Amino acid sequence: MTGAKRLKRVSLLLLLVSAGAALFGTTQTWYTLELAEGAASVDEAVLTGQQASAGLSSFGLAALALTVALTIAGPVFRVILGLLAVGFGAGVLSLSLGVMSSPRTAALDVLAELTGLAGEEASYGTVTSIAVTPWPAVTATAGVVLGLIGLLVVVTGHRWPRGGRKYDTSAANSPAVAGAAQEPDRISDWDQLSGGGDPSADGSAEDEPAEAGPGRLADEGAEAPVAPEAPEASGGSHEDPPTR
């Protein structure tokens, strides 16, 4: 395996892992909020990454689609897709840090649905404690890796081997295609036969000398053989041969 091919595979693998981790992290529980007694019908509220910030899953899905597109992209599109990967990674990191900096604010919608209260009253008046899980940090780290690998693609993508070779126009010069082009054309043979030609004769027949004919002898300065003249009839009648 060449260095360029190994670099491509490692980059695509890291992109796939980081995008998958970012997307999977949004489905997991980020925070568990302990509620005051009597504030709601339940004792605690669970906040997932998707509930905390809806844009996280969008960045994860876009990064996965970008990874698939990179497998067949040319050198120019690799740079474009690499820049997009940097942007997606920055988006995942930014949204994750925003939730981590203020989990109470991120949980306002969930708390309002449980307690019937809106605004800061729902957050600070009903939440007694917050338990955090590792998933916010995991998702933020996935965003960092996604952005770094995107930058690596921008710098080294031009060295990757070209993908999608079976659709390349150079396939027309392959032996299989060349052999198919040498097969006889049935329609052309039929047209040649209708015109009085012999489709089974190859081009070597043109090099053989043609048979001598009156036209050819005349072109070469030789006299053509004269056909014998028919005897003229005398008087419109003929004599019977003598009998013995």
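Just a few scattered comments:
- Residues (among the polar types (S, T, N, Q) and touching an Asp or Glu at 6+ places or on another chain (Cβ under 7 Å)) located in region 9-49: T32
- Of all residues making up region 36-58, the number that are more than 12 Å from A107 (Cα to Cα) and in contact (Cβ under 8 Å) with a residue 40 or more places away in the chain: 7
- Selected residue (criterion: farthest from the chain's Cα centre (by Cα)) from residues of region 107-134 that are small (G, A, S) and modelled with pLDDT of 80 or more: S129
- Scanning region 101-110 for residues being over 14 Å from T48 (Cβ atoms) and of a type outside the set (K, R) gives a total of 4.
- Condition check for S170: crowded, with 21+ Cβ neighbours inside 10 Å, in a helix (DSSP H, G or I), at pLDDT below 85 and among the small types (G, A, S): no
- Some residue of region 24-44 being within 26 Å of the chain's Cα centre (by Cα) and among the hydrophobic types (A, V, I, L, M, F, W, C): yes
- V76 vs. criteria out of contact with any Cys (no Cβ under 8 Å at 6 or more places or on another chain) and part of a loop (DSSP other than H, G, I, E, B): no
- Any hit, region 1-17, residues being within 26 Å of M100 (Cβ to Cβ), among the small types (G, A, S) and surrounded by 12 or more Cβ atoms within 10 Å (Cβ to Cβ): no
- Of everything in region 36-53 that is among the charged types (D, E, K, R) and assigned to a loop (DSSP other than H, G, I, E, B), the residue that is modelled with the highest pLDDT is D43.
Results for (1) under 16 Å from V17 (Cα atoms); (2) surrounded by 15 or more Cβ atoms within 10 Å (Cβ to Cβ); (3) out of contact with any Asp or Glu (no Cβ under 6 Å at 6 or more places or on another chain); (4) of a type in the set (A, V, I, L, M), shown as yes or no for each residue.
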| site | (1), (2), (3), (4) |
| --- | --- |
| Q51 | no, yes, yes, no |
| L66 | yes, yes, yes, yes |
| R78 | no, yes, yes, no |
| G82 | yes, yes, yes, no |
| F88 | yes, yes, yes, no |
| P103 | no, yes, yes, no |
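- The lone criterion from (1) out of contact with any Leu (no Cβ under 9 Å at 6 or more places or on another chain); (2) under 24 Å from G150 (Cα atoms) left unmet by L12 is number (1).
- In the set L64, L95, L111, L56, only one residue is in contact with a helix residue (DSSP H, G or I) (Cβ under 7 Å, 6 or more places away or on another chain), under 25 Å from W160 (Cβ atoms) and in a helix (DSSP H, G or I); that residue is L64.
- Residue within region 4-13 that is in contact (Cβ under 8 Å) with a residue 40 or more places away in the chain, of a type in the set (D, E, K, R) and farther than 30 Å from G157 by Cβ present: no
- Among residues of region 60-106, those that are more than 12 Å from V153 (Cα to Cα), free of Cβ contacts under 8 Å to residues at least 12 places away in the same chain and either among the hydrophobic types (A, V, I, L, M, F, W, C) or touching a Pro at 6+ places or on another chain (Cβ under 6 Å) (or both), counted: 2
The values are calculated or read from the model by the stated rules, or taken from the named source; none is laboratory data. Model, not experiment: these values are computed from the prediction. Counting neighbours? That spans all protein chains shown, and the Cβs are built from the backbone with ideal geometry, glycine included.
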